[in-house]
Amino acid sequence: MTLVVHAIDAGYGAVRVLHQLGFSARAGEVTCILGRNGAGKTTTLRAIMGLLPLDAGAVHLGDEDISALPASETASRGIALVPQGRRLFGALSVSENLDVGLMARRASSTRTDNDIREHVLTLFPRLRERMKQRASTLSGGEQQMLATARALCIEPKVLLLDEPSEGLQPSIAALLRDTTRQLAEDGVAVVLVEQHIDTVLALADKAILIENGRLEKSLAKDQLDATVLSRHLGV
Ligand SMILES: Nc1ncnc2c1ncn2[C@@H]1O[C@H](COP(=O)(O)OP(=O)(O)OP(=O)(O)O)[C@@H](O)[C@H]1O
Ligand SMILES: [Mg+2]
């Protein structure tokens, strides 16, 4: 299913952050969002998710206009967000954090809680060994796995990932990259905010560049190379 963002304006109170921002993300593809710190990448994902009201424009999922829906409703339609900084329930166990994800599960799901739990634990076996451990005591990599696993509990059609590899060692980042690739191959529309050029090159089917809350450029896969990306990311 295609996610289409139509010329949205959004911000915080009187502060307008996004200006007429538009792009689409297709099922089976990884769409990367690039931009400098403060460009509005996180704000874009929050606006899609329904955590932030739109001041103008619209968001469509397939045929449906989801612009005015709160996050609980976008989740039940199959949109999942893995937030920047993970945002787990630190005092809850790994297992309880997964329960939170399962509670947000899509109404249309035909699988049982147990099936879904087994599926996400197969993707991240490290979590299985730590089901009773408090989330706050997990390593950074394990926390990212749990945040991802929790999002996958809703069996998303659209997965919004906000800098999943931030601060992780390369081997864990590579594992998450493989999982992301697999999800796209399984037909999920992945929207990935990412600063690491090698990850963008490895995963992106296309990329959009945001500057000061505006769409600056849209790059197809064959336009993505390290020189272009490093120029845009200013690294
Ligand atoms: N809750 C908030 N209230 C007011 N302003 C905010 C809030 N959250 C973000 N902003 C502002 O909105 C702008 C865009 O922030 P956003 O978090 O979307 O950037 P970003 O591209 O994700 O940056 P980073 O790469 O640092 O994560 C920034 O100027 C930021 O200060
Ligand atoms: Mg951000």
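Among the residues of the range 90-119, those that are loosely packed, with under 15 Cβ neighbours inside 10 Å and part of a loop (DSSP other than H, G, I, E, B) comprise GLY90, ALA91, ALA107, SER108, THR110, ARG111, THR112. Of all residues in the range 143-158, those that are farther than 11 Å from ASN97 by Cβ have Cβ atoms under 6 Å from Cβ atoms of residues that are surrounded by fewer than 24 Cβ atoms within 10 Å (Cβ to Cβ) and among the small types (Gly, Ala, Ser), 6 or more apart or on another chain, in ILE154/ALA75; ILE154/ALA104; GLU155/SER109; PRO156/GLY78; LYS157/GLY78. Scanning the range 67-81 for residues that are hydrophobic (A, V, I, L, M, F, W, C) and more than 28 Å from ARG177 (Cβ to Cβ), we see that the one that is farthest from ligand 2 (Cβ to nearest atom) is ALA68. Look at (1) away from ligand 2 (no atom under 14 Å from the Cβ); (2) in contact (Cβ under 8 Å) with a residue 12 or more places away in the chain; (3) over 21 Å from PRO156 (Cβ atoms) and you find that VAL17 fails only one, number (1). Considering ALA58, ALA39, the condition of being away from ligand 2 (no atom under 16 Å from the Cβ) and either of a type in the set (A, V, I, L, M, F, W, C) or without any contact (Cβ under 8 Å) to a residue 40 or more places away in the chain (or both) is satisfied by ALA58 alone. One residue stands out in the range 45-87 among those that are assigned to a strand (DSSP E or B) and of a type in the set (Asp, Glu): the one that is farthest from ligand 1 (Cβ to nearest atom), namely GLU64.
Take the residues in the range 216-232 that are closer than 11 Å to ILE197 by Cα and in contact (Cβ under 8 Å) with a residue 40 or more places away in the chain; name whichever of them is surrounded by the fewest Cβ atoms within 10 Å (Cβ to Cβ). Quick ask: steps written out before the conclusion?
To start, the set of residues in the range 216-232 that are closer than 11 Å to ILE197 by Cα comprises 224-232.
Filter once more, keeping what is in contact (Cβ under 8 Å) with a residue 40 or more places away in the chain: 229, 232.
On the way: LEU229: 23, HIS232: 19.
Step by step, filter the range 216-232, then rank; the result is HIS232.
Annotation note: of ALA25, ALA47, the sole residue that is of a type in the set (A, V, I, L, M) and within 16 Å of ligand 2 (Cβ to nearest atom) is ALA47.
Condition check: surrounded by fewer than 20 Cβ atoms within 10 Å (Cβ to Cβ), more than 24 Å from GLU211 (Cβ to Cβ), under 15 Å from the mean Cα position of the chain (by Cα) and at pLDDT 95 or above. Does GLY28 satisfy that? The answer is yes for GLY28.
The values are calculated or read from the model by the stated rules, or taken from the named source; none is laboratory data. As the structure is a computational prediction, the values presented were derived from the model and not from experiment. Positions of Cβ are backbone-derived with ideal geometry, glycine not excepted, and every protein chain shown enters the neighbour counts.
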